[in-house]
Amino acid sequence: MIIDFHTHICPKAVRDNRHNYFDGEPAFKLLYEPPKSRLVGADDIVRVMDEQGVDISVVFGFPWRNPDIFKMQNDFILDAVARYPNRLIGFACFDLSANDVAKEALRCLEAGLSGIGELAFYESGIDEQCLDQLVPIMEICREKDYPILIHTNEPVGHMYPGKTPITLGQIYNLAARFPDNTIVLAHWGGGIFFYNLLKKKVKETLTNVYFDTAASPYLYRPDIYPTAIKLMGSDKILLGTDFPLLKPSRYFKELDEAGVFGKDRELICGKNAERLLGLSISSAD
């Protein structure tokens, strides 16, 4: 069972006329003004899943500021999940600075979505104000035992569109502030797991934190996989492709190159996601 934990789809209105959605949405404009930045719908992702051998994808949109747009998007995700109930699992997404996001989170979860994300803080990083804004969403997810997916990135290295001014301290403070939530950090969590080598506190603080591999072929050499497995265990890693940015085959190739097979590969490519999403669809070990 192959599960892709990090993919993006969006409504036809946005796909066909993206320029109409740039006003008041600087992050969306930054990422999607270039025509080569692909936008896809539910039918598109299922077709690629069939081609690539992916059984289930977790789908979500973009953290819009405008409530009318993020409600439209979340309704689109709900419809996609209803159309492909055995293939797509949906998360609700929005910008935390918008009004009534807790109400929107509850609406979406009660209607059948399975988590929250990918939440992002493109301009601020995850500062104290952002942590405060997260509180009501974290409370909802903790009470209902839903995962929450947060955009993170490495704070050093080359710049690229969507790279936020985040620090490792901010990522660590996020985990420390919400220790009882199931948190998935996108893009390898900015590398925070490297600090599992410290003797005190970090490993315990990251107990309920998981890491997806989104954009890994652009960011890290394939040996990130055995390194991460050694430092935190394969049970903390989730295959995430960031599709349509990249197709799953790029990740499968890098797993091959890194020599990740057997149980480690099964956990990364599906079983960890099954556990976090409360699925019981694979055969018992």
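Just round it to a whole percent: the fraction of Cα-Cα distances in the range 47-198 exceeding 22 Å.
Counting pairs separated by more than 22 Å, the tail of P(r) holds 43 percent.
Under 14 Å from the Cβ of Phe94, count the other residues' Cβ atoms, weight Lys and Arg +1, Asp and Glu -1, and hand me the total.
Residues close to Phe94 contribute a combined charge of -3.
Could you check the simple spin-label distance between Asn173 and Asn17, using points 7 Å along Cα→Cβ, in nm with one decimal?
4.1
What number, in percent, do you get for the relative contact order of the range 3-277 if the mean sequence gap of Cα pairs under 8 Å and at least 6 apart is divided by its residue count?
18
Taking 0.36 nm per intervening residue step and subtracting the Cα-Cα distance, what contour gain separates Asp132 from Arg275 on full extension?
Numbers: separation 143, 0.36 × 143 = 51.48 nm, distance 2.83 nm.
Gain on extension, Asp132 to Arg275, equals 48.6 nm.
Let me have the 222 nm mean residue ellipticity of the chain computed from DSSP H runs of 4+ only, each contributing -39500 (n - 2.57), with the sum over all residues rounded to the nearest 500. Don't skip to the answer; put the middle values down first.
Numbers: 13 runs with 116 residues, N = 285.
Helices in the chain give a 222 nm mean residue ellipticity of -11500 deg cm²/dmol.
Beyond 17 Å, what percent of the Cα pairs of the range 177-249 remain?
42
How much net charge surrounds Thr164 when only other residues with a Cβ under 14 Å from its Cβ are counted (Lys, Arg +1; Asp, Glu -1)?
Here the charged neighbours net out to -4.
Out of every Cα pair in the range 7-108, what percent are spaced more than 19 Å from each other?
When every Cα pair of the range 7-108 is considered, 42 percent fall beyond 19 Å.
Any idea what the alpha-carbon Rg over 2.2 N^0.38 Å comes to for the range 1-60?
Compared with the compact-globule rule of thumb, the range 1-60 sits at 1.26.
Run the quick spin-label model on Lys200 and Arg38: label points 7 Å from Cα toward the beta carbon, then report their separation in nm to one decimal.
Label at Lys200, label at Arg38, 4.9 nm between them.
Amide H neighbours of Leu149 under 5 Å, counting only residues 5+ apart in sequence or on other chains, H built in-plane at 1.01 Å?
It is Ile116, Gly117, Leu119, Val184, by chain and number.
Residues with amide H under 5 Å of Ala214's amide H, sequence separation 5 or more or different chain, H placed in the peptide plane at 1.01 Å from N; which?
Distant-sequence amide H within range of Ala214: His187, Trp188, Gly240.
Using the Karplus equation 6.51 cos²θ - 1.76 cosθ + 1.60 (θ = phi - 60°), what ³J(HN,Hα) coupling, rounded to whole Hz, does each residue of the range 238-244 give in order, writing x for Gly and Pro?
Result, ordered by residue: 10, 4, x, 9, 6, 3, x Hz.
Near Arg38, within a Cβ-to-Cβ distance under 12 Å, what is the net charge of the other residues, with Lys and Arg +1 and Asp and Glu -1? Walk me through the numbers before you get to the answer.
Numbers: positive: Arg15, Arg18, Lys36, Lys247; negative: Asp44, Asp242.
Charge balance in the 12 Å sphere: +2.
Per residue of the range 13-22, what does 6.51 cos²θ - 1.76 cosθ + 1.60 with θ = phi - 60° give for ³J(HN,Hα)? Whole Hz please, x for Gly and Pro, Karplus curve as stated.
4, 6, 4, 7, 9, 4, 4, 6, 10, 7
In whole Å, what three semi-axes, largest first, describe the equivalent ellipsoid of the chain built from its Cα gyration tensor (square root of 5 times each eigenvalue)?
That gives 26, 22, 19 Å for the three semi-axes.
How many angstrom lie between the Cα centre of the range 120-181 and the Cα centre of the range 221-239?
21
Using amide H atoms built 1.01 Å from N in the peptide plane, name the residues 5+ places from Gly90, or on other chains, whose amide H lies under 5 Å from its own.
When sequence neighbours closer than 5 places are left aside, the close amide H contacts are Val59, Ser114.
Among the listed pairs Lys201/Lys263; Lys71/Lys253; Lys29/Lys253; Lys163/Lys236; Lys36/Lys163, give every one whose C-alpha distance is greater than 26 Å.
Check vs 26 Å cut-off fails for Lys201/Lys263; Lys71/Lys253; Lys29/Lys253.
Any chance you could run the full-extension gain for Ala98 through Lys29? It's 0.36 nm times the residue separation minus the Cα-Cα distance, nm to one decimal.
Separation in residues times 0.36 nm, less the Cα-Cα distance, equals 23.1 nm.
Any read-out appearing in this document is the output of simple, stated calculations on the displayed coordinates, not a laboratory observation. The model shown is predicted, which means the values in this text are computed figures rather than measured ones. Because the Cβ atoms are built from the backbone with ideal geometry, glycine has one as well, and the counts that use them run over all protein chains shown.
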